[in-house]
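Undergrad: My questions will all concern the structure given below.
The values are calculated or read from the model by the stated rules, or taken from the named source; none is laboratory data. Here the structure is a predicted model, which is why all the values come from computation and not from measurement. As a convention, Cβ positions derive from the backbone with ideal geometry for all residues, glycine included, and neighbour counts pool all protein chains shown. What goes into the accessible areas is simple: the full protein's heavy atoms, side chains included, and nothing from ligands, DNA or RNA. Shrake-Rupley method; radii C 1.70, N 1.55, O 1.52, S 1.80 Å.
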Amino acid sequence: MAENEWLSKDFYKVLGVSKDANEADITKAYRKLARKYHPDLNKTKEAEEKFKDISEAYDVLSNKEQRQKYDAIRQFGMGGARFAGGSGQGGFDASGFSDIFGSMFGGGAGNGGTHIRFSTSGGGQPNMDDIFSMFGGGAGAGSGTPFGGGYRSEYREAPEPQQGADRKSNISLTFRQAVKGATVSLRVDGKQFKTHVPAGVEDGQKIRIPGKGKPGLHGGKPGDMYLTVHVKADPKFSLHGHDIVMDLPVSVGQAVCGAKVKATDIDGNEVTFKVPAGSSSGTEIRIGGHGVPGRDGDLVGRVQIQVPAKPGLGIKHAAKEFDSATGDFVDQLAEER
């Protein structure tokens, strides 16, 4: 923003800070307002204009030299400056502001005050652009820098808040922890925190942990963490959706006649499967409500008909008698093969 507009802008009021606010107070106020009125977060036209005003104010007040010039110009403009017209020349009596200029540029006013003359285009009021350019070190073509400044600031927009980058991490769980859910401890940038892994998480699944990524810039939000879960295989149980699945070994007689077969669930508790008569290997028997907690899953027993590894003559004879008793069942199986 041009410096000749500073007289009409109260940057302290825009940011809501006092004139003696320090740099930290100014930055804090800016970040709070920027989050409220940033165009990416607030789509109204009013917010867009407000964000521009906030950025202009922060740009000046956060820069020590810019702020010093702004304060001097504002004091000069509000102090009742006197302009005296002349024959082809305009005069500005700055005797009332010698302390301001002396503190800024190291120039003394002398006992008689300081009289600064600005050329005009044929009388009348002096060119205010020339006055302000002198504060910035550029008093117009062919002019020197009467205050020895040499400093000129170009306008720069206040940096926009940027969200931090995301992080990636891994964690290993036992099968039971994956099924039941678990609270785990993680460490980021030397700081430890705890997070909850929900029940029923599967191997390779990613969990998003908000706000645990890298810090944001210029007041932006931190990124997120994406936690990849690795589940250790269990020799007895597996997960299928929200169901816990296990093999259920039974004898030929239990499969043919039906039986109540006892087994142990994932918590080590005894459960009873009711095997229907005529069950074959692969038949699934369910116990409702014993799957993933809170997910309406079941405990599923898959029937596995087993026979002795070394059957004696009596068992072999009984098996042949069984096949004979089934009629053409053996022939039907042969056709299916």
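Undergrad: Taking the Cβ of Pro276 as the centre, find all other residues whose Cβ is under 14 Å away and add up their charges (Lys, Arg: +1; Asp, Glu: -1).
TA: Cβ neighbours under 14 Å give a net charge of +3.
Undergrad: Moving to a separate point now. Within a Cβ distance under 11 Å of Glu23, other residues only, what is the Lys/Arg minus Asp/Glu net charge?
TA: Overall, the nearby charge balance is +2.
Undergrad: Quick check on region 237-305: of the DSSP beta bridges with both residues there, what percent are antiparallel, nearest 5%?
TA: 70 percent
Undergrad: Which value in nm describes the separation of the simple spin-label points at Lys260 and Lys232, placed 7 Å from the Cα toward the beta carbon?
TA: In this crude spin-label approximation the distance works out to 3.6 nm.
Undergrad: How many angstrom separate the Cα center of region 172-225 from the Cα center of region 17-78?
TA: If you average the Cα positions of each part, the centres end up 38 Å apart.
Undergrad: Just to verify a number: FRET efficiency for Ser62 and Val188, C-beta to C-beta distance, R0 = 30 Å, to 0.05?
TA: Plugging the Cβ-Cβ distance into 1/(1 + (r/R0)^6) gives 0.50.
Undergrad: Shifting gears a bit: Taking all protein chains in place and a 1.4 Å probe, what share, in percent, of the accessible surface of region 237-305 do carbon and sulfur account for?
TA: Summing carbon and sulfur atoms, their accessible area is 46 percent of the total for region 237-305.
Undergrad: Taking the inverse of the average 1/r across all pairs of different Cα atoms in region 255-337, what Kirkwood radius in Å do you get?
TA: Taking every pair of different Cα atoms in region 255-337, averaging 1/r and inverting gives 15.4 Å.
Undergrad: Further question on the same structure: Considering only protein heavy atoms, what per residue accessible area in square angstrom results for region 167-232 with a 1.4 angstrom probe?
TA: So region 167-232 comes to 58 Å² accessible per residue, rounded to a whole number.
Undergrad: Here's something else I'd like to know. Taking only pairs that are 8 or more places apart or on different chains, how many Lys pairs in region 189-269 have Cα atoms under 30 angstrom apart?
TA: Pairs that pass both the separation and distance tests number 21.
Undergrad: In nm, to one decimal, how far is the Ala21 label point from the Asn269 one, both placed 7 Å along Cα→Cβ?
TA: Between Ala21 and Asn269, the simple spin-label model gives 6.1 nm.
Undergrad: Roughly how far apart, in whole Å, are the Cα centres of region 304-332 and region 241-301?
TA: Cα centres, region 304-332 to region 241-301: 25 Å.
Undergrad: If I stretch the segment between Asp203 and Ala318 completely, what's the gain in nm (0.36 nm per residue apart, minus their alpha carbon distance), one decimal?
TA: Between Asp203 and Ala318, full extension yields 36.8 nm more.
Undergrad: Quick one: compute a quarter of the convex hull surface over the Cα atoms of region 212-257 and quote it in nm².
TA: Projected over every direction and averaged, the Cα hull of region 212-257 covers 5.4 nm².
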